[in-house]
1. Do any cysteines in the chain lack another Cys Cβ under 4.7 Å, and if so which?
2. At 1.4 Å probe size, with every protein chain present, just tell me what the per residue accessible area of segment 219-360 comes to in Å².
3. With volume of the Cα convex hull per residue in Å³ as the read-out, I listed (i) 157; (ii) 262; (iii) 148; which label goes with the value calculated from this structure?
4. Just how much of Arg321 is accessible, in Å², when a 1.4 Å probe is used and the result is rounded to the nearest 10?
5. What spacing in nm lies between the two simple spin-label points modelled at Trp439 and Arg399, each 7 Å away from Cα in the Cβ direction?
6. When the helix-only estimate is applied to the chain (DSSP H runs of n ≥ 4, each -39,500 (n - 2.57), divided by the residue count), what is the mean residue ellipticity at 222 nm, nearest 500 deg cm²/dmol?
7. Got a number for carbon plus sulfur as a percent of the chain's accessible area, 1.4 Å probe?
8. Compute, for the chain, the length of the dipole vector about the Cα centre, with Cβ point charges of +1 (Lys, Arg) and -1 (Asp, Glu) only. Units Debye, rounded to 20.
Amino acid sequence: MTSLAVANPGSLIQSVDWVAIAPPLIAAVAALAVLLTDLFLPERHKKWLGRLTAAGLALALIALLPLTDGSPRATFCVRNVAGGSDNGGCSYVADHFALVFQLLALGGALIAALLSAHTVEDDRLPRGEYWFLLLSSATGAALLPASRDLATLVIALEVASLPAFALVALRRDGRGAEAAFKFFVSSVTATAVMLLGVGFVYAASGSLHLTAVAQGLEQAPAQLKVLGEAGAVLTLVGFAFKVAAVPFHFWVPDTYTGAPLPVAGYLSVVGKAAGLSGLALATTVAFRPYADTWGPVLAVLAAVTMTAGNVGALRQRFDTRYSAVRLLAWSSVGQAGYLLVPLAAAGYAPTGVDALGATAAYALIYGVVNLGAFGAVAAVGRRAGTSVDDFRGLFARNRWTALALAFFLLCLAGLPPGVVGLFGKVVVFRAAVDAGLGWLAVVMAVNVVVALSYYLLWTARLFTPAAQDAPAGEAVAGRRLPLSLTATLGLTASAAVVLSVAPQLVLQVAVGSLF
């Protein structure tokens with residue numbers, strides 16, 4: 001009879017640090033609270049669900065503060081390494097890397113919640129379901145950067161993704177169902193491929209913890225090397241889809257157009273941040289022994305992605321319906337290419353993690369200004385599809401919205417006075433040069449110049465006199481914007497201005513290692 005006794009039973013007892021897991025835990029509890037409250041709350045009072053959602057996300061952000069004392073906190077450990085310098089046996093580690101991306105995920109979700117308040121009312125979306133799904137997705141996005149084993153990474157990625165499918169489909173006009181179907185089929189296919197890759201990696205390394213995977217792959221027998229390399233490639237496919245890297249970007253324009261506008265903004269920032277953090281963890285920690293393989297692959301992927309995104313934006317006609325959203329969608333694909341540059345550089349760095357700070361800093365900058373741009377689009381075309389031409393003469397109708405949008409677009413382009421966008425691109429550019437990727441730096445510089453055309457053309461329309469038949473948007477003289485939209489524009493614009501005046505507040509993330 002086989003004995004099930006364990007030599008060291010204490011090694012199977014997992015420690016739980018409630019302070020470390022507080023940010024995603026608070027978001028999850030808030031999601032359950034919204035779902036239960038929706039069952040008993042009268043219809044006339046259900047607007048309070050949105051306020052409860054915003055309060056839950058704000059509390060989750062506040063819960064990050066006790067974790068900023070400088071020492072990583074680990075939990076769900078199979079051996080007593082919590083609080084030590086080596087957290088290889090832990091499934092959840094709240095280190096600098098995790099906190100930066102949790103700030104981006106929860107902060108982006110909070111701004112998306114503010115942006116959603118008027119959309120839920122105007123489009124008559126099911127309130128309880130909407131806020132529950134938003135909080136659930138934010139929980140997964142906050143859990144993912146702190147995950148330190150492949151199983152938790154996959155689960156967190158799906159927790160972030162599955163509610164997003166339903167959020168896209170909540171609009172009952174036909175376009176939402178089509179957009180959700182494309183998003184769902186593409187994502188499920190990528191997830192299936194990723195799970196197959198995780199199985200291969202486990203077979204080759206004998207572990208699921210990221211640091212143990214790296215050790216196992218490095219010491220694996222020669223006959224398992226091909227299996228391990230194939231598993232690494234297949235695993236990265238799922239994360240590349242979430243980042244919207246070429247060739248997994250084709251769902252982006254149609255999904256963003258069919259989804260409620262705040263959901264599109266949420267996917268462009270929080271969804272991308274989740275995929276980016278997972279991709280960074282998988283490459284620089286778990287698959288570090290294969291850096292000479294994934295480094296060049298990510299470099300090519302970054303170059304192709306930024307080029308495809310900018311070319312797609314250049315081909316977008318300004319007079320078509322929903323062209324403003326489609327232009328932001330293609331822009332987000334191009335920005336994904338820039339975000340991949342430091343990850344590619346990490347494959348050439350001695351430690352592999354020093355370049356990640358550039359990705360984190362640029363992601364924070366991009367998150368603020370891109371959500372602000374979506375907020376401005378929502379302000380101009382609340383109940384109808386908005387084309388770029390509808391923004392013509394916006395400065396004469398609503399100068400503050402026009403100035404805010406112009407500033408966001410200049411930040412995305414990397415032009416003054418959007419200084420923070422310029423510094424962000426310089427940090428990414430320097431990461432490529434320091435890694436010896438001169439050709440990638442040249443490709444990035446060319447793409448930045450190409451992107452100037454559509455950003456500046458859109459900006460110019462804001463100050464061009466409108467035609468006699470001005471668009472019937474909500475941002476017209478004499479009509480006030482809803483308080484939630486005003487708060488969104490004010491918050492994002494203020495943050496972008498502050499970061500442009502003091503870019504060191506975010507660029508210090510790029511200094512040194514995040515781990």
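1. Cys411
2. Details: 3910 Å² over 142 residues.
The answer is 28 Å² per residue.
3. (iii)
4. Its heavy atoms expose roughly 150 Å² to the probe.
5. 5.1
6. The helix-only estimate for the chain comes to -22000 deg cm²/dmol at 222 nm.
7. On the way: 13450 of 20130 Å².
Within the chain, the accessible surface is 67 percent carbon and sulfur.
8. Result for the chain is approximately 1180 debye, rounded to the nearest 20.
The values are calculated or read from the model by the stated rules, or taken from the named source; none is laboratory data. On a predicted model such as this, the values are computed, not experimentally measured, just so you know. Cβ sites come from the backbone with ideal geometry, for glycine too, and all protein chains shown count toward neighbours. Surface areas here come from the heavy atoms of the whole protein model, side chains and all, with no ligands, DNA or RNA. Shrake-Rupley method; radii C 1.70, N 1.55, O 1.52, S 1.80 Å.
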